[in-house]
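Since the structure comes first, as structure tokens, the remarks are kept for the end.
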Amino acid sequence: MNERMKVMKFGGSSVGTVNSILSVKKIVEAVTEPVIVVVSALGGITDKLINTSQMAADGNLAYEKEYRDIVNRHIEMVYTVVPAGDKRTELLEKVNELLNELKDIFQGISLIHDLSPKTSATIVSYGERLSSLIVTALINDAEWFDSRKFIKTEKKHAKHILDSDLTTELIRETFKELPKVALVPGFISTDKQTGEITNLGRGGSDYTASIIAAALDADILEIWTDVDGFMTADPRVISNAYVISELSYVEAMELCNFGAKVVYPPTIYPVCHKNIPILIKNTFNPDAPGTIIRQEIDHAKSKVIKGISSINDTSLITVTGLGMVGVIGVNFRIFKALAQNGISVFMVSQASSENSTSIGVRNEDAALACEVLNQEFAKEIEMGEISPVCAEMNLATVAIVGENMKHTPGIAGKLFGTLGRNGISVIACAQGASETNISFVVETKSLRKSLNVIHDSFFLSEYQVLNLFICGTGTVGDSLIKQICGQQQKLMQERGLKLNVVGIANGHQAWFNREGIELSNYRALLDEKGGASSPQIIRDEVIGMNIFNSVFVDCTANSGVAELYKDLLTNNISVVAANKIAASSSYANYNELKQIARKRGVKFLFETNVGAGLPIIKTMNDLINSGDKIQKIEAVLSGTLNFIFNKISADVPFSETIRMAKEQGYSEPDPRIDLSGKDVIRKLVILAREAGYCLEQEEVEKHLFVPNEFFDGSLDDFWKNIPALDADFEARRKQLDEQGKHWRFVAKFENGQGSVSLQEVDKSHPFYNLEGSNNIILLTTERYHEYPMMIQGYGAGASVTAAGVFADIIGIANI
Ligand code: ADP
Ligand code: ASP
Ligand code: MG
């Protein structure tokens, strides 16, 4: 055939609504060369036909309403898109005739309660027959052709398979003379022997179009659908998937076979064989360039992997046993038994030790597959040479595809490394020597996360995503959210880091959204959309979301929240804590959390536990990692206490300074935690542990300045009683003033011993001039011996603490 022509296929959504069907008219009428237009049923109708027939067969009379919906969809479409006149009357007559036939069939099956595959195939054929008649009437000069007359199938292994030779011959015969626009119902066919209605399988209209394009040597096959083209992943799962401009046939075939629904898999072969390109276009956005699929593409311009696809309908069947090793013909027998029973195998994995072969099949085939394999190997199973065959059901298979993977080292490493870091365990994997596809099987619950992490690491390497759960919206949490909100754009543009806050919780409310929460008015959103909150709820939700590159940020002082870290880290979720409770809890717990984090390849960071935003822990880690040894720590670690001892004067009594510290947000919510030295002890314990020593809170020696009885009652009692100390403090303060000294509450760790005490320091001491609420830390190490390393600065305050938390988060991103 020398004439230029093309085949265009419009899917269900393209003919599903009035607007889309009018768009089809416009697109087709703009074509100048002869065109064959293949259409699907109106969107959703095939599903509805299948459901309605099932209801009728079950004797459920509600099928009548479903049937009426089907009638209304079609009749309304006719009235809205075809103008009144002879054409409409003629069309209505044909449409009503088909709908009446359909009614009779439904009635029949509802009476006899029986739905044979043959009747089922007849019923679904009405979808395409109806839609094609409507589109024919709509498009100028269109002529309708009945695909049942030229798409022929034959029965093999209980399935209807295309008879390619006969079909090609009949298509050539039918289209010897090409009309301007030929209209063909997709999907439907007839058995070459019995003439009964059959079909090409769900999504089969793509295949109809491909078969016609190949038979007629079309210039191009255009598949018009509801997305801008073939995308890097299923856009319903990966919100930032994007259109691939070019794909080779091999790549497209690999992706479709593994569930990229945009093209029905058998579609590729007929046109590939004839070297006819496929163009995927969007009916709803015809100006978008779409995706071209052809033999030769410019691989130099492509990424190493082109796309990711998946099927969640996977069962893994493993034939295993020491009796298989070195025995010739085991695999032959496995595949022969499966093939004879019409079971399709989409993945095979065999270790070189030969003692097991794993096979991926659809869930619906799993039971039969096990049965036939147990039969085939009955003798070996009886002898104990092979174990009884069973299936692991409800798994998912993911494939990464790209011809550029060939001879590119490191792809498998990157793939499995990414999955491992995110706690996804791979159950089986396979890579053909053609190196265009690596497939692996995971649990269904890990599918979405797997797709996200892979998509993120292979396609969006321009920026990295961290998904944050922020717990606590008090002064620190609120300040952190504001800082993130202010930096989000800059980090994305300049540092390639996307901070996506996917959960915010406080003591009362919790709200989670995997697409990301708009931070500028998070409080209103939390009020509006938030649900109940408790550590348990937060734990279940955070782990349940199973989101990749997750970081849990604890800005609370809550012990229930601190208890969640173990489970979170175990589930590969990094933890950044401003909350000191976990790191200062028993050494065993602290150490276990650190070990879990290390084992899982995630981070447990708590820099702000000591010295707010000052880089103390990080500096100590750097010293130790580079071979130094910390011998002594001396520090003023309480911003609150330092503030109090700097403020106290003849005019401001001791009790008043405590009140001021609380009001200015320096102290813990309960200032007794500061005054009892508890807060400083916690910090000292954390520092000692990070310096490599094992220290418990109880082991720290305390020399306090507020007698114990002041801590016994309630907080109210404390506020009432504390002015009793003012006079004594003023007398001591005066004396100290005369000696030219200052009070500092000093934490010390040396020779395995920790202590906290109120000390009097004179002008020569480095702590003498410590202003306001500042902290100071002196580290004496093997290298910094004569002159200790000194770190000094704001040691309290919401914004510096939040900044320190923020720095830990950025540290996880490693940018
Ligand atoms: P049609 O009715 O036009 O045949 P389908 O629903 O069969 O359309 O296929 C198009 C749909 O395939 C898209 O709407 C999209 O949700 C889904 N899809 C899955 N994977 C991909 C992918 N990799 N690229 C594009 N679309 C995909
Ligand atoms: N209408 C059929 C289906 O929904 C065929 C197709 O749309 O391609 O599967
Ligand atoms: Mg489709």
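The values are calculated or read from the model by the stated rules, or taken from the named source; none is laboratory data. These numbers were taken from a predicted model, which means no experiment stands behind them. Here the Cβ positions follow ideal geometry from the backbone for every residue, glycine too, while neighbour counts run over all protein chains shown. We work out accessible area using only protein heavy atoms, side chains counted, and drop any ligands, DNA or RNA first. Shrake-Rupley method; radii C 1.70, N 1.55, O 1.52, S 1.80 Å.
Descriptive notes on the structure:
- Pairs where the first residue, in the range 516-537, is within 28 Å of Gln487 (Cα to Cα) and the second is among the hydroxyl-bearing types (Ser, Thr, Tyr) and part of a loop (DSSP other than H, G, I, E, B), C-beta under 9 Å, 6+ apart: Tyr522/Thr473; Arg523/Thr473; Leu526/Thr473
- Checked against the criterion of being of a type outside the set (Ser, Thr, Tyr), assigned to a loop (DSSP other than H, G, I, E, B) and buried (at least 22 other Cβ atoms within 10 Å of the Cβ), the candidates Ile454, Ile504, Ile424 yield just one match: Ile424.
- Any hit, the range 107-129, residues being more than 16 Å from ligand 3 (Cβ to nearest atom), of a type in the set (Lys, Arg) and in contact with a Phe, Trp or Tyr (Cβ under 9 Å, 6 or more places away or on another chain): no
- Selected residue (criterion: most open to solvent (accessible area, probe 1.4 Å)) from residues of the range 115-144 that are outside any helix (DSSP H, G or I) and among the hydrophobic types (A, V, I, L, M, F, W, C): Trp144
- Scanning the range 245-260 for residues that are open to solvent by 10 Å² or more (accessible area, probe 1.4 Å) and away from ligand 2 (no atom under 16 Å from the Cβ) gives Ser245, Glu246, Val250, Met253, Glu254, Asn257, Phe258.
- From Val227, Val263, residue being open to solvent by less than 10 Å² (accessible area, probe 1.4 Å), within 16 Å of ligand 2 (Cβ to nearest atom), in a loop (DSSP other than H, G, I, E, B) and of a type outside the set (S, T, N, Q): Val263
- If the condition is being aliphatic (A, V, I, L, M) and closer than 29 Å to Phe749 by Cβ, then the range 697-730 contributes Val700, Leu704, Val706, Leu725.
- Pick from the range 32-75, criterion more than 20 Å from Phe187 (Cβ to Cβ) and either touching a residue at least 60 places away in the same chain (Cβ under 8 Å) or within 16 Å of ligand 3 (Cβ to nearest atom) (or both), ranking: surrounded by the fewest Cβ atoms within 10 Å (Cβ to Cβ): Glu33
- Residues that are closer than 30 Å to Ser344 by Cα and in contact with a Ser or Thr (Cβ under 8 Å, 6 or more places away or on another chain), drawn from the range 273-295: Ile278, Leu279, Ile280, Thr291, Ile292, Ile293, Arg294, Gln295
- Tally, over the range 166-203, of residues that are outside any helix (DSSP H, G or I) and either crowded, with 23+ Cβ neighbours inside 10 Å or more than 9 Å from ligand 2 (Cβ to nearest atom) (or both): 26
- Filtering the range 76-95 to residues that are on the phi < 0 side of the Ramachandran plot, open to solvent by less than 60 Å² (accessible area, probe 1.4 Å) and without any contact (Cβ under 8 Å) to a residue 24 or more places away in the chain leaves only Leu92.
- In the set Lys566, Lys599, only one residue is in contact with a Leu (Cβ under 8 Å, 6 or more places away or on another chain) and open to solvent by 50 Å² or more (accessible area, probe 1.4 Å); that residue is Lys566.
- Any hit, the range 468-482, residues being buried (at least 21 other Cβ atoms within 10 Å of the Cβ), within 14 Å of the chain's Cα centre (by Cα) and part of a strand (DSSP E or B): yes
- The residue that is surrounded by the most Cβ atoms within 10 Å (Cβ to Cβ), among those in the range 205-224 that are of a type in the set (Asp, Glu) and more than 12 Å from ligand 2 (Cβ to nearest atom), is Glu222.
- Test: residue in the range 362-376 that is in a loop (DSSP other than H, G, I, E, B), within 21 Å of Thr444 (Cα to Cα) and open to solvent by 30 Å² or more (accessible area, probe 1.4 Å): yes
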